[in-house]
Amino acid sequence: MVMVILGILAAVALPRMLGMSNQARVAVMRNVAAAIESANTKIYSVASVNYQLGASGSINACGNAALPTVYGYAATALDLVGCVSPSMLTGLALPSAGAANVIAHAAAADPANCRITYVPAGSATAPQYQLLLGGC
């Protein structure tokens, strides 16, 4: 009888537990996207006050004396992660020189499909934060 109950619990609870891990990774990615968007708003504010809203610029923000900007926003996600609390970035594959605009979840089932892609601002467009969450 005890074995039957344990078997039923395993059949029901295990898939739910696995689903919760996926949901947790999706939530992490959404929170990081919101954090980098907020950081970019701060960067834009500093750039605006310093008249650095052109196609290229440089400001003193987030502990970086020469943070590069494009139309007032961070030039790359690599620049943006320095403006986000390090605790928010735990477990993530951060941008590198070869993939300066991609932040992926390192523990995802498919990190290439559990990521944020940062699209820098254009002359008439605000930056975009594209979430791909199917592989989380």
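Work out the length of the dipole vector of the chain about its Cα centre, built from +1 on the beta-carbon of each Lys and Arg and -1 on the beta-carbon of each Asp and Glu, and round it to the nearest 20 debye.
Magnitude of the dipole: close to 220 debye.
As an exercise, take the mean of 1/r over every pair of distinct alpha carbons in segment 2-132, invert it, and state the Kirkwood radius in angstroms.
Values: mean 1/r = 0.0617 Å⁻¹.
Mean inverse Cα-Cα distance, inverted, gives 16.2 Å.
Over all directions, what mean area does the Cα convex hull of segment 24-85 project, stated in square nanometres? Don't skip to the end; give the middle numbers.
Values: hull surface 15.6 nm².
Quarter of the Cα hull surface area: 3.9 nm².
Tell me the relative contact order for the chain as a rounded percent, counting alpha carbon contacts under 8 Å between residues six or more apart. Don't jump to the answer; show the numbers that get you there.
Values: 218 pairs, mean separation 27.3, N = 136.
Computed over the chain, the figure is 20 percent.
Out of residues 5 or more away from A93 or on other chains, whose amide H comes under 5 Å of its own, with H placed 1.01 Å from N in the peptide plane?
The list, which skips near neighbours in sequence, is A104, H105, A106.
Helix 2-49 versus the longest principal axis of the chain: what is the Cα-based angle in degrees, 0 to 90, to the nearest 10?
10
Just so you know, all these numbers are worked out from the coordinates, no wet-lab data involved. Quantities reported herein were computed from a predicted structural model and do not represent experimental measurements. As a convention, Cβ positions derive from the backbone with ideal geometry for all residues, glycine included, and neighbour counts pool all protein chains shown.
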